[in-house]
Amino acid sequence: MSDFDDLYRDVILDHAKRPRNRGRPPTANRAATGDNPTCGDNCTVHLRLGDDGRVAAIGFEGSGCAISQASASIMTTQAKGKSPAELEAAFGHLKDILASGKTPADFDELSAFAGVHAFPARVKCATLPWHTALEALKQPDQPAQMVEGQKS
């Protein structure tokens, strides 16, 4: 096992054990819920777009394996301040890593998921939060106190 494999495992475990942006931001006005019935992962993403069309607030709730929880945590850190198109591009970057199993020359936290390539059944665990966030972006604005997760 290489030092990079250890680093990637450490990134996933850190985000799984100490997830960033867990919970519903008080100003969230869009939400979606996604489930992976194969393994039991579930994720609800709550977000708010700012007046500039960028993600101003984002959080997640749910449960699942370390990969899905780490992916949700990393997704929220990657999403803040991004436009919907930039978030889709970041998801495309993750999908490329998952499909190839190769890490880009410039390490980023998404590179930690390169090892998931060897476990095709776990790819859905890593992509569930991203699909859910993109679905939340499609939802109409609602008053923040009334936002519930929409099934994606």
Computed over the chain: relative contact order in percent, which uses C-alpha pairs under 8 Å that are six or more apart: 33
Counting only helical runs of four or more DSSP H residues, what would the 222 nm mean residue ellipticity of the chain come to if each run contributes -39,500 (n - 2.57) and the total is spread over all its residues? -13500 deg cm²/dmol
If you average 1/r over every pair of different alpha-carbon atoms in the range 18-152 and take one over that average, what Kirkwood value in Å do you get? 14.7
Based on other C-beta atoms within 10 Å, arrange C125, C43, C65 from fewest to most. C65, C125, C43
What order, most packed first, do the peptides 66-73, 82-89 have when packing is the mean number of other Cβ atoms within 10 Å of each residue? 66-73, 82-89
Which entries of K95/K138; K17/K124; K17/K82 show an alpha-carbon separation above 23 angstrom in the structure shown? K17/K82
Backbone HN-Hα couplings from phi across the range 69-74 [Karplus 6.51/-1.76/1.60, Hz, Gly and Pro as x]: 5, 5, 5, 5, 5, 5
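No lab work stands behind these numbers, since they all come straight from the coordinates. All of these numbers come straight from a predicted model, not from anything done at the bench. Heads up, the Cβs are rebuilt from the backbone with ideal geometry, glycines too, and the neighbour counts pull from every protein chain shown.
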